[in-house]
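Please read the structure below before turning to the comments.
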Amino acid sequence: MGEKRITVITKDTGEILTDRDGYHGSVCAKESELLMQAIGGHVVEQKFKPEYYEDGDNPVSVLQQ
Amino acid sequence: MSNWLRAQVSTEIKNPSRDLFDKALDDMGFVPDYSEKTVHGAYSFEASEPVDCVLRDKNSNALTTIGFTFNKVGEEIVLSVSGDFYNLRYSGQEFMKKLGMFYNHENARAHLEEQGYTIEEVEVKEHEIVMVGRMAA
């Protein structure tokens, strides 16, 4: 029996990041997209995990504008 | 395998859910008092303003100098804040940014719990909230 895990990062700029573990990438993206739609957001970017790990183990720092 | 998805939501709160609004304020240490319809400044010479609710401090239950109004703009209800922020750490604009962040967080949390997730971690930082949910697959 497996486990689904999701991380949601909500920023004060209105930016929201989600990370879904345990699924093939396209399924992760779809589930995250549904979450975004449910809370009134529109998706602006999607990247696979390694691209967000340029700064050690902190994906947030890569995304801050 | 996992991936990150980035989305943008409005920093304005339109058509607010009263439940999520109350939860977001609770996260920030406030309770809205809907029986109070006038917000007063910190000093007697300051003008009072009509509002739809005034915030109370969650711990002391004391009335604050911050109030909210639910304005109907066309078909939408837009939330606006008014009052005196002198005694707080935030300006009015910063307060609304924080409230928007907590509102979006509570909205996401409600959606995940509806889907059957258990929220196991919530870490509030200065400019972001990190939430981790798990569910048996």
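Can you go through B:TYR34, B:TYR43, B:TYR117 and tell me which one is over 16 Å from B:ARG18 (Cβ atoms), of a type in the set (Phe, Trp, Tyr) and surrounded by fewer than 16 Cβ atoms within 10 Å (Cβ to Cβ)?
After ruling out the rest, the residue left standing is B:TYR43.
Would you say B:ILE129 is more than 7 Å from chain A (Cβ to nearest Cβ), hydrophobic (A, V, I, L, M, F, W, C), touching a residue at least 12 places away in the same chain (Cβ under 8 Å) and part of a strand (DSSP E or B)?
Answer is no for this residue.
Go through the range A:1-29 and report how many residues are assigned to a strand (DSSP E or B), modelled with pLDDT under 75 and surrounded by fewer than 18 Cβ atoms within 10 Å (Cβ to Cβ).
Within the range A:1-29, residues that are assigned to a strand (DSSP E or B), modelled with pLDDT under 75 and surrounded by fewer than 18 Cβ atoms within 10 Å (Cβ to Cβ) number 1.
For the range B:70-121, how many residues meet the condition of being closer than 27 Å to A:THR18 by Cα and part of a loop (DSSP other than H, G, I, E, B)?
Final tally of qualifying residues: 3.
Given the residues B:GLU114, B:GLU94, which is the only one that is more than 16 Å from the chain's Cα centre (by Cα), among the acidic types (Asp, Glu), at the interface with chain A (Cβ under 9 Å from one of its Cβ atoms) and within 22 Å of A:GLY40 (Cβ to Cβ)?
Matching residue, one of B:GLU114, B:GLU94: B:GLU114.
Residue by residue through the range B:67-88, note down the ones that are touching a residue at least 24 places away in the same chain (Cβ under 8 Å), within 17 Å of B:ARG18 (Cα to Cα) and under 14 Å from the mean Cα position of the chain (by Cα).
B:GLY67, B:PHE68, B:PHE70, B:VAL78, B:LEU79
The values are calculated or read from the model by the stated rules, or taken from the named source; none is laboratory data. Note that this is a predicted model, so its numbers are computed, not measured. As a convention, Cβ positions derive from the backbone with ideal geometry for all residues, glycine included, and neighbour counts pool all protein chains shown.
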